[in-house]
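Please read the structure below before turning to the comments.
The values are calculated or read from the model by the stated rules, or taken from the named source; none is laboratory data. Owing to the predicted nature of the structure, the values given are computational and were not obtained by experimental measurement. With ideal geometry, Cβ positions are generated from the backbone for all residues, glycine too; neighbour counts draw on all protein chains shown.
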Amino acid sequence: MTDDIKLGNFQFCPLCSAKLVVRPESLRERLTCPNCGYIYYHNPVPAAGGVILRDGRVCLVRRSIEPRKGDWTLPAGFVEYDESAEQCAVREVAEETGLSIEIAGVHGVYAGFDDPRQRVVLVLYRARETETRIPIAGDDADDVGFFAADQLPPNIAFRAHRQALRELFAHERVTL
């Protein structure tokens, strides 16, 4: 197997333990079990977050963990098995900022190709604070703040977040 990113780096079937082989399936090569027929689909992981504006300024958090420790992102994280993307966005915002939000609509959906852990599909929601609070960094964030378009930190961690911020502040000609 030469392309671990495309096919994953699994060797054995999780159902019957037979050695997986590469076979064509649905116009792609996929790891397949010759014994029981299991097919491994190497899919991206869903993530969600909130785009929160206060007085024309956007809420960002500074990462306290790798990857991209010390860089800034919109508050976001991976969707848990038992929650919707909307629930994930509300939870992640609360964990990382201490803010309570409600979802106001979809800001955008982004392909995350530059997270070294895995490929990501990021759903960002426009969010409204349910009450105005002083944000407090928590979970995997060590700082939180609201930034105007012309005051965004230069070190935004991921391309998807930079794209979302460019779209958010398009009328202000933000370059990230």
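Considering Val93, Val144, the condition of being of a type in the set (Val, Ile, Thr) and under 17 Å from the mean Cα position of the chain (by Cα) is satisfied by Val93 alone. When region 119-176 is limited to residues that are aromatic (Phe, Trp, Tyr) and not in a loop (DSSP other than H, G, I, E, B), the one that is surrounded by the most Cβ atoms within 10 Å (Cβ to Cβ) turns out to be Tyr125.
One line per residue, one yes/no per condition, for (1) without any contact (Cβ under 8 Å) to a residue 60 or more places away in the chain; (2) in contact with a Gly (Cβ under 7 Å, 6 or more places away or on another chain); (3) among the acidic types (Asp, Glu):
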{"site": "Ile39", "(1), (2), (3)": "yes, no, no"}
{"site": "Val45", "(1), (2), (3)": "no, no, no"}
{"site": "Leu60", "(1), (2), (3)": "no, yes, no"}
{"site": "Val93", "(1), (2), (3)": "yes, yes, no"}
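Looking across region 40-60, the residues that are at pLDDT 95 or above, under 28 Å from Tyr81 (Cβ atoms) and either surrounded by 15 or more Cβ atoms within 10 Å (Cβ to Cβ) or touching an Asp or Glu at 6+ places or on another chain (Cβ under 7 Å) (or both) come down to Pro46, Ala47, Ala48, Gly49, Gly50, Val51, Ile52, Cys59, Leu60.
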